[in-house]
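The values are calculated or read from the model by the stated rules, or taken from the named source; none is laboratory data. As the structure is a prediction and not an experimental result, all values here were calculated from the model. Neighbour counts are summed over all protein chains in view; Cβ atoms, including those assigned to glycine, are modelled from backbone coordinates with ideal geometry. Heavy atoms of the whole protein, side chains included, go into the accessibility calculation; ligands, DNA and RNA do not. Shrake-Rupley method; radii C 1.70, N 1.55, O 1.52, S 1.80 Å.
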Amino acid sequence: MQACNSNIQYGWVAVLFHWLMAPAIIGMFALGWWMVGLSYYDPWYRQGPDIHKSVGILLALLLVARLLWRWLNTAPAPEPAPRWQQRAASVAHAVLYGLLLAIAASGYLISTADGRAIEVFNWFSVPATLQGLENQEDIAGTIHEWLAWTLMGLVLVHSLAAFKHHFVNKDNTLRKMLGLAPRR
């Protein structure tokens, strides 16, 4: 498999971006959902958010790299489908990327509201650049939560659409993102 995308399939770089990010995003949602139920005296009360923030920053960096890669590469030709479905798929992908960017930004605003930098696994720090806004942590937290739930709904639709393409339409849409050769 080649690194760059072709007209008939994704290259290994795009496939790797997708399959690194997909489980990490779902895991981040699960971790976030679990974290909000922790009590102050739970040993994970501080460790859970530290992991969530660190992985969130790494995911944001990976997202930027993925968007650059997508911009620099051709995309495989879409499988034959009604025009409205192709348009819906394009809009859904744009919304997925937009939600991911907005979730990263709102998470950053939550984490830096008190002026402290985000320590990423003690490898590097991301400084607080915008802090001290009135109710910043609460407002950003509410937005972060709503966007995360919206993202999970869209991830479900995205997954179901991939399975529909594979099992109902019997086309190559899912095979492309799995890095498999197209069916003839």
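Things worth noting here:
- Filter pass, Gln86 being modelled with pLDDT under 95, closer than 30 Å to Pro182 by Cα and surrounded by fewer than 18 Cβ atoms within 10 Å (Cβ to Cβ): yes
- Selection count where residues are surrounded by 17 or more Cβ atoms within 10 Å (Cβ to Cβ) and either among the charged types (D, E, K, R) or over 30 Å from Ile110 (Cβ atoms) (or both), scope region 147-160: 0
- In the set Ala162, Ala117, Ala128, only one residue is in contact with a Leu (Cβ under 6 Å, 6 or more places away or on another chain), at negative phi, free of Cβ contacts under 8 Å to residues at least 24 places away in the same chain and not β-branched (Val, Ile, Thr); that residue is Ala162.
- Test for Trp34: is it of a type in the set (A, V, I, L, M, F, W, C), open to solvent by 30 Å² or more (accessible area, probe 1.4 Å) and without any contact (Cβ under 8 Å) to a residue 40 or more places away in the chain: yes
- Reported count of residues in region 1-17, each being under 18 Å from Ala77 (Cβ atoms) and open to solvent by less than 70 Å² (accessible area, probe 1.4 Å), is 8.
- Candidate set: region 93-117, residues that are surrounded by fewer than 14 Cβ atoms within 10 Å (Cβ to Cβ) and of a type in the set (A, V, I, L, M); chosen: the one nearest to the chain's Cα centre (by Cα): Ala94
- Of note, Ala22 does not satisfy the criterion of being in contact with a Cys (Cβ under 9 Å, 6 or more places away or on another chain), assigned to a helix (DSSP H, G or I), under 27 Å from Met177 (Cα atoms) and open to solvent by less than 60 Å² (accessible area, probe 1.4 Å).
- If you go through region 130-146 and keep only what is of a type outside the set (A, V, I, L, M, F, W, C), open to solvent by less than 90 Å² (accessible area, probe 1.4 Å) and assigned to a helix (DSSP H, G or I), you end up with Gln136, Gly141, Thr142, His144.
- Which numbered condition Thr74 fails, given (1) open to solvent by less than 70 Å² (accessible area, probe 1.4 Å); (2) farther than 19 Å from Pro23 by Cα; (3) in contact with a Leu (Cβ under 9 Å, 6 or more places away or on another chain): (3)
- Residues satisfying the criterion are present in region 154-161 (criterion: small (Gly, Ala, Ser) and under 23 Å from Gln9 (Cβ atoms)).
- Residue satisfying all of: in region 37-60; open to solvent by 40 Å² or more (accessible area, probe 1.4 Å) and in contact (Cβ under 8 Å) with a residue 60 or more places away in the chain; farthest from Leu72 (Cα to Cα) among these: Asp50
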